[in-house]
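Read the structure below first, then the notes.
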Amino acid sequence: MIGKRYEQPKFYSDFYRMQYHKMLRRLIILSVVILLLTLGIMYYLFYPEAPRYYASTTTGQIIPMTSMQ
């Protein structure tokens, strides 16, 4: 009878320890994902794509553009 009383708290502490480690792993993974997304957004802010211009008629037909240089 005394053995069961001492096994139950150990079971609870093992359960909470395992849950803590699972949440810690998830937190680390989510932090890495957030960091990668932040770096991607900063890259697109600092190095934007060149705008693409085109000419079209009133009917929607695209006209090729030539350089003036």
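Readers should treat all values here as calculations from the given coordinates under stated rules, not as data from a laboratory. As the structure is a prediction and not an experimental result, all values here were calculated from the model. When we count neighbours, we look across all protein chains shown, and the Cβ atoms used for this are built from the backbone with ideal geometry, even at glycine.
Conditions tested, residue by residue: (1) of a type in the set (A, V, I, L, M); (2) exposed (fewer than 10 other Cβ atoms within 10 Å of the Cβ).
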{"site": "Met18", "(1), (2)": "yes, no"}
{"site": "Ile34", "(1), (2)": "yes, no"}
{"site": "Met42", "(1), (2)": "yes, no"}
{"site": "Phe46", "(1), (2)": "no, yes"}
{"site": "Tyr54", "(1), (2)": "no, yes"}
{"site": "Thr57", "(1), (2)": "no, yes"}
{"site": "Ile63", "(1), (2)": "yes, yes"}
{"site": "Thr66", "(1), (2)": "no, yes"}
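Across the stretch 18-69, the number of residues qualifying as hydroxyl-bearing (Ser, Thr, Tyr) and in a loop (DSSP other than H, G, I, E, B) comes to 8.
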